[in-house]
Amino acid sequence: MATLTELKAHVQASIEARSPWLIDVAKTILAHPEAGFQEVKTAQLVSDKLHELGIAHDTGLALTGVKGLIRGGPPGPTVAVIGELDSLRVPGHPHADPETGAAHACGHHCQIGMLLGVAVALKALEGSPDLAGNVALMAVPAEEFIDVQYRWQLHQEGRLGLMAGKQELIRLGAFDDVDMAMMVHTASGSTENAKFALGGTSNGHVVKYVRFLGKSAHAGSAPHQGINALQAAMVALNALNAQRETLRNEDTIRLHGILTRGGTSVNAVPAEVRYEGRVRGRNAEVIADANMKMDRCLRAGALAMGAKVNIVTIPGYLPMLNNAPMLDCFQHNASALVGANQVVTHPATRNRGGSTDMGDLSQIMPVIHPYTTAATGMGHGADYLIADYVQAVINPAKAMAMTVLDLLAGAAAKAREVLATSKPLMSKQQYLALQEARLTEELYAGR
Ligand SMILES: [Zn+2]
Ligand SMILES: [Zn+2]
């Protein structure tokens, strides 16, 4: 049996030796961005690379997900290492696809590099007495909750149940054999000072798909015979803005959205206007309250103009809970790589304001979601670029591989301790029931 120190040295060396290969994978994905549930080429690349490494895997999970498995020697818990496949859509980003506007403005391409780095390192321990348990390698679809109309359509066609990647993988049972999970997300130097930033939490949310329905008529000769859906939307959004003074800072509510269709022809009264929106907040109760207010505003717009409004509320994400003992392991390993003064741990209550479906997973099993500071510019902005690929891909891969060793080496004592001391907030069944209850559709026809 090797010592933990020897094992950690070995995984670092094997990731180091594959550095150019891993960074090349990340850059290839950067050059071929694909938005959620459409990551066909990206998933194929992951599958090809796992094949090259000799790792058995399933594909097509939740449409595009890939899951490989490395079995240790003795039985033990299964730790999942996760990388997200999807891009955003940010036209104007230097690496945007000119046709689709898809762009990796959130650094997910680096997560796939990290995931394969962990695969490279731990594949060598397959069947080894030094690894008590299994490592699931999961490339997951659709973390960014965008293209809402498209996903609602997939849902209505029965091709998706829940409408984000990890949510749907939970529903489909892809995490049923997983006991705990980790991933590392890139961050920008504009928001973090240290090379690794750990801890904190995220907002939860619900997602809105809204259609204001009016009546078309000639905009010049007969506007009085139309019902203007765009004006209904504008009244609704003004009402929503008026509502903001009722929100409490400590609830970290964010109400925001985009108009995805403002009408059809400039010379006709707009008969249908579409709005995709978000209601974020620090917990399910405050989100439900803010969502009720948003619905009131949407109805008000329709009522004022004599229009109708169809409001679909889609279950979004739950807040992130980082598992403290796992975070301690990661903190230790990250410090060994970059120095303790380059690893900060934020208080568990520090809310970043954004949202992730890793939060959903964290409600049903122990999870960590650290950040690696490797980018410049603003997340989701046209200027978000990875400046340091070693810190974006190689160092987090090493830190995760070493953390898996902490958990599973020997007799997997650490992983068993994590499971014994961390009771999830809810079971998978409770999670699915909660999310199912948050899915509603209403057609408000005014009076
Ligand atoms: Zn993002
Ligand atoms: Zn992201």
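The values are calculated or read from the model by the stated rules, or taken from the named source; none is laboratory data. Being a predicted model, the structure only gives us computed values, none of them experimental. We place every Cβ from the backbone using ideal geometry, glycine too, and count neighbours over all the protein chains shown.
Observations on the structure shown:
- Residues located in region 382-441, provided they are under 21 Å from M358 (Cα atoms) and among the aromatic types (F, W, Y): Y431
- Candidates G68, G83: the one that is within 16 Å of ligand 1 (Cβ to nearest atom) and touching a Leu at 6+ places or on another chain (Cβ under 7 Å) is G83.
- Residue tally, condition at negative phi, in a loop (DSSP other than H, G, I, E, B) and either surrounded by 13 or more Cβ atoms within 10 Å (Cβ to Cβ) or among the hydroxyl-bearing types (S, T, Y) (or both), over region 410-424: 3
- Wholly within region 122-197, strands (runs of 3 or more DSSP E) carrying at least 1 residues that are more than 16 Å from ligand 2 (Cβ to nearest atom) and in contact (Cβ under 8 Å) with a residue 60 or more places away in the chain: 134-140, 180-182
- Among helices (runs of 4 or more DSSP H) entirely within region 1-95, having at least 1 residues that are touching a strand residue (DSSP E or B) at 6+ places or on another chain (Cβ under 8 Å), on the phi < 0 side of the Ramachandran plot and among the polar types (S, T, N, Q) singles out 40-52.
- Any hit, region 414-423, residues being at pLDDT below 95 and in the same structural domain as V135 (by TED's automatic domain parsing): yes
- Screening region 1-59 for residues that are of a type in the set (D, E) and under 30 Å from W152 (Cα atoms) and picking the one that is surrounded by the fewest Cβ atoms within 10 Å (Cβ to Cβ) gives D58.
- Boolean, L115 is more than 16 Å from ligand 2 (Cβ to nearest atom) and within 26 Å of V418 (Cβ to Cβ): no
- Selection within region 161-174 - surrounded by fewer than 24 Cβ atoms within 10 Å (Cβ to Cβ) and either closer than 29 Å to V344 by Cα or of a type in the set (A, V, I, L, M, F, W, C) (or both): L172, A174
- Residue match in region 82-102 (condition: in the same structural domain as A119 (by TED's automatic domain parsing), surrounded by fewer than 20 Cβ atoms within 10 Å (Cβ to Cβ), polar (S, T, N, Q) and more than 23 Å from G161 (Cα to Cα)): yes
- Within region 96-103, the presence of at least one residue that is of a type in the set (A, V, I, L, M), away from ligand 2 (no atom under 12 Å from the Cβ) and more than 19 Å from the chain's Cα centre (by Cα) is confirmed.
- So R278, is it in a strand (DSSP E or B), basic (K, R), within 16 Å of ligand 2 (Cβ to nearest atom) and not assigned by TED's automatic domain parsing to the domain that holds I15: yes
- Index of the failed condition, V148 passing every other in (1) over 21 Å from D383 (Cα atoms); (2) aliphatic (A, V, I, L, M); (3) within 16 Å of ligand 1 (Cβ to nearest atom); (4) buried (at least 24 other Cβ atoms within 10 Å of the Cβ): (4)
- Restricting attention to region 306-334 and to residues that are of a type in the set (G, A, S) and closer than 27 Å to D357 by Cα, the residue that is farthest from the chain's Cα centre (by Cα) turns out to be A334.
- The residues of region 426-436 that are surrounded by fewer than 12 Cβ atoms within 10 Å (Cβ to Cβ) and in contact (Cβ under 8 Å) with a residue 24 or more places away in the chain amount to a single one, S427.
- Top-ranked residue in region 86-107 [being free of Cβ contacts under 8 Å to residues at least 60 places away in the same chain and within 14 Å of ligand 1 (Cβ to nearest atom); ranked as nearest to Q391 (Cα to Cα)]: S87
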